[in-house]
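Reviewing the structure listed below.
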Amino acid sequence: MIRTGDSIPAVKITALTAGEQKTLPASELFAGKKVVLFAVPGAFTPTCSNTHLPGYVVKADEFRARGVDMVACLSVNDSFVMRAWGQSQNAEALTLLADGGGALTQALGLGADTADFGGLRSRRYAMIIEDGVVRALNVEEPKKFEVSDADTLLALL
């Protein structure tokens, strides 16, 4: 599993921002930026849609005020699902990362096999990345939501 002090791998990811979609290496996407990245097991799932993503949507301006260049949400979903989820959640201020095949999730060592429930998914986590290097990492225990929320990450900045 990736750790504090490690660099983000150069695995391709699809980034969706307001009106734009591009596929590029994650290492390039995060280079030269201070980023808060949080990951969810799946778009449109209960905790992800009711609590996790909304917390970051509401606090996006507070993150920017503390010097964060990008607040990004990653899920092992395709870009069409991520776009629809972002629109349904009014997440225009965030960058949504579609890790459709789970390549970045696996490279980070943060995948979870949910078998018939959905196959490969991401574990729930949040990290602070500075110029492509992990400075803080909070990984949730399975079926928990205690250390990857927006308020916890704000307290780390």
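The values are calculated or read from the model by the stated rules, or taken from the named source; none is laboratory data. Since the structure is predicted, the reported quantities are computational estimates derived from the model, not experimental observations. Positions of Cβ are generated from backbone atoms using ideal geometry, with glycine treated the same way; all protein chains shown enter the neighbour counts. Accessible surface is based on the protein model in full, side chains and every heavy atom, while ligands, DNA and RNA are left aside. Shrake-Rupley method; radii C 1.70, N 1.55, O 1.52, S 1.80 Å.
Descriptive notes on the structure:
- Any hit, the range 83-102, residues being in contact with an Asp or Glu (Cβ under 9 Å, 6 or more places away or on another chain) and β-branched (Val, Ile, Thr): no
- In this structure, Gln87 does not satisfy being in contact with a helix residue (DSSP H, G or I) (Cβ under 8 Å, 6 or more places away or on another chain) and of a type outside the set (A, V, I, L, M, F, W, C).
- Within the range 1-20, the residues that satisfy the criterion of being farther than 26 Å from Ala112 by Cβ and part of a strand (DSSP E or B) are Thr17, Glu20.
- On inspection, Gly55 passes the criterion of being farther than 19 Å from Arg135 by Cα, out of contact with any Ser or Thr (no Cβ under 7 Å at 6 or more places or on another chain) and surrounded by 16 or more Cβ atoms within 10 Å (Cβ to Cβ).
- Single residue of the range 106-137 satisfying the filter (of a type in the set (D, E, K, R) and out of contact with any Phe, Trp or Tyr (no Cβ under 7 Å at 6 or more places or on another chain)) that is most open to solvent (accessible area, probe 1.4 Å): Asp116
- Candidate set: the range 28-52, residues that are assigned to a loop (DSSP other than H, G, I, E, B) and touching a Ser or Thr at 6+ places or on another chain (Cβ under 7 Å); chosen: the one nearest to Leu157 (Cα to Cα): Val40
- Considering Arg64, Arg83, the condition of being of a type outside the set (Val, Ile, Thr) and surrounded by 16 or more Cβ atoms within 10 Å (Cβ to Cβ) is satisfied by Arg83 alone.
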